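Okay, so here's the structure we're looking at.
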Amino acid sequence: MNTTFHDELLRYAESLGFGDLHIKLDHATDLCAIVAIHSTKRGPALGGCRLMEYDSMAEATRDALRLARGMSYKAAICNLALGGGKTVVVKPKQIKDRVAFFEAIGRFVNELGGRYITAIDSGTDMLDMDIINTQTPYVTTISKHNGDPAPFTATGVRVGIQAAVKFKLNKDTLDNVRVAIQGAGHVGYLLAKQLSELGAHITMCDKNVENLQRCVDEFKVQTVALDKIYEVDCDVFAPCAVGSVLNDQTISVLKASIIAGSANNQLGEMHHGRVLFERDILYAPDYLINAGGLIHAYAEYYNNSFEEAEEHILHIADQLLEVFELSAREKKPTSEIVDSIAASRL
Ligand code: NAD
């Protein structure tokens, strides 16, 4: 990283209101990991451990900063006693020994003394969290608690879609509602399952052919090419794959009147929330509608009642309705409404 870029990155961290940023290099295991802690004002910073390929350390650090801040906002909007953090691990060409690799991550998390709690994220699973748990108690979504967050995230997104359909289309059921889901992974698959049981017509795409075929076989979904998903003639577009999918190009071709999906950081830039508002497309803000997994992980970590967590997840629908109503009343984009509520709690 050259000095200019280094300065730029630190300025970026500062502009997002960051407290601390930690980097661990462990040559024995080829580990290169970043823990970004955005805020601990509401409680310890909880956020997943992402394992992905990155072109540079700078790119990985930016991702950690962006995602950690998103976790602070997610915890705040859900009124959880948590701050926001994230681990980003730069995926090496080959992980020689996955146990040693995740043990090193566990030691790294432990050194932070509980200011940060880690969990499953893209590229990691419950078994990885179990390995981390051999080194530190500051981890949730472990297999002992059957802690896969995807089913809870999918339920939150499903009730969020129901709320949006009620608000925008004045429909009490999802019968014959047309939903285009981008991504047939953990959340996309479970969302398709719940929506098809409620009578929705589903179109999906995924670059992983096996994931997509499973949804065709089990739920008889229609499929489209990756780049055609935005143009599908549908009521709801549900991004459940990657971030930054709502940008100038995609918004201009969208036919859906509702956007409600699980992906983090769906807006390419903040102003795209306003672009959607001006096009009269109802946007269910990502970090509220996809908070089901976090709500469950929080309950798991603190041994709270799972029944209460489930009620809290179902309550995402009521929270969204309040945001939609405020947005209509104040003539402000939903993205700006949730940002100002969350920011006021941080
Ligand atoms: P996943 O990795 O299991 O599934 C993602 C799927 O998207 C994969 O099948 C992948 O092949 C597909 N994909 C990738 N790029 C694509 C593209 N350009 N077009 C179409 N498909 C593409 O991830 P997941 O756990 O299902 O999570 C989905 C999204 O929701 C991610 O953005 C994740 O960050 C977010 N999220 C997940 C959870 C959770 O509980 N799993 C919680 C909050 C947010």
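The values are calculated or read from the model by the stated rules, or taken from the named source; none is laboratory data. Small disclaimer: the values here were computed from a predicted structure and weren't measured. Every residue, glycine as well, gets a Cβ built from its backbone with ideal geometry; the counts of neighbours run over all protein chains shown. Each accessible area value is taken on the protein alone, full model and side chains, heavy atoms only, with ligands, DNA and RNA left out. Shrake-Rupley method; radii C 1.70, N 1.55, O 1.52, S 1.80 Å.
Between residue 332 and residue 97, what length in nm is gained on full extension when 0.36 nm per residue of separation is reduced by their alpha carbon distance? Before the final figure, lay out the partial values.
Working: separation 235, 0.36 × 235 = 84.60 nm, distance 5.06 nm.
Computed gain between residue 332 and residue 97 is 79.5 nm.
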Which percentage, to the nearest 5, of the DSSP beta bridges contained in the chain is antiparallel? 35
Whole-Hz Karplus ³J(HN,Hα) for segment 289-302, in order, using 6.51 cos²θ - 1.76 cosθ + 1.60 and θ = phi - 60°, x for Gly and Pro? 5, 9, 7, x, x, 5, 4, 6, 5, 5, 4, 5, 5, 9
Of all the stretches in the chain, which is the longest one without any exposed loop site, taking trypsin sites (Lys or Arg not before Pro) in a DSSP loop (any state but H, G, I, E, B) with at most 16 other Cβ atoms within 10 Å? 97-170
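Which pairs in the list 207/331; 86/166; 86/144 are over 31 Å apart, alpha-carbon to alpha-carbon? Present the calculation step by step, with values, prior to reporting the outcome.
Details: 207/331 38 Å; 86/166 34 Å; 86/144 22 Å.
Beyond 31 Å between Cα atoms: 207/331; 86/166.
Using a 1.4 angstrom probe with every protein chain in place, what is the largest-first accessible-area order of 209, 242, 35, 224? Mind dumping the intermediate values first?
Details: 209 110, 242 85, 35 0, 224 45 Å².
Ranking 209, 242, 35, 224 by accessible area, largest first, yields 209, 242, 224, 35.
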How much accessible area does residue 302 have with a 1.4 Å probe, in Å² rounded to the nearest 10? 90
List the lysines whose Cα lies under 16 Å from the Cα of residue 91, skipping any in the same chain that are fewer than 8 positions away. 24
Separation of the residue 310 and residue 325 label points, Cα + 7 Å toward Cβ, nm: 2.7
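With a 1.4 Å probe and all protein chains left in place, how much accessible area per residue does the chain have, in Å²? Kindly include the intermediate steps, with their values, before the conclusion.
Working: 15320 Å² over 346 residues.
It amounts to 44 Å² per residue over the chain.
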C-alpha center-to-center spacing [segment 184-237, segment 74-133] in angstrom: 30
Using heavy-atom solvent-accessible surface (probe 1.4 Å) with all chains present, what is the largest-first order of 15, 72? 15, 72
Multiply the residue gap between residue 279 and residue 255 by 0.36 nm, knock off their C-alpha separation, and tell me the result in nm, one decimal place. 7.6 nm
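At a Förster radius of 45 Å, what calculated FRET efficiency corresponds to the Cβ-Cβ distance of residue 217 and residue 247, to the nearest 0.05?
Numbers: r = 33 Å, r/R0 = 0.72.
FRET efficiency, residue 217 to residue 247: 0.90.
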Given the whole protein assembly as supplied and a 1.4 Å probe, what does the accessible area of residue 186 come to in Å², nearest 10? 130
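Among rounded, prolate and oblate, which fits segment 187-328 when a ≥ b ≥ c are the square roots of the eigenvalues of its C-alpha gyration tensor, a/c under 1.5 means rounded, and a/b larger than b/c means prolate?
On the way: a/c = 1.82, a/b = 1.15, b/c = 1.58.
Oblate is the answer for segment 187-328, as a/c is 1.5 or above yet b/c matches or exceeds a/b.
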Amide H contacts under 5 Å for residue 54, placed H, 5+ residues apart: 91
How do 253, 338 rank by accessible surface area computed with a 1.4 Å probe, from largest to smallest? 253, 338
Rough spin-label spacing in nm, given labels placed 7 Å along Cα→Cβ, for residue 198 and residue 110: 4.4
Scan segment 39-132 for GluC sites (Glu not before Pro) in coil per DSSP, keeping those whose Cβ has at most 16 other Cβ atoms within 10 Å, and list them by number. 53
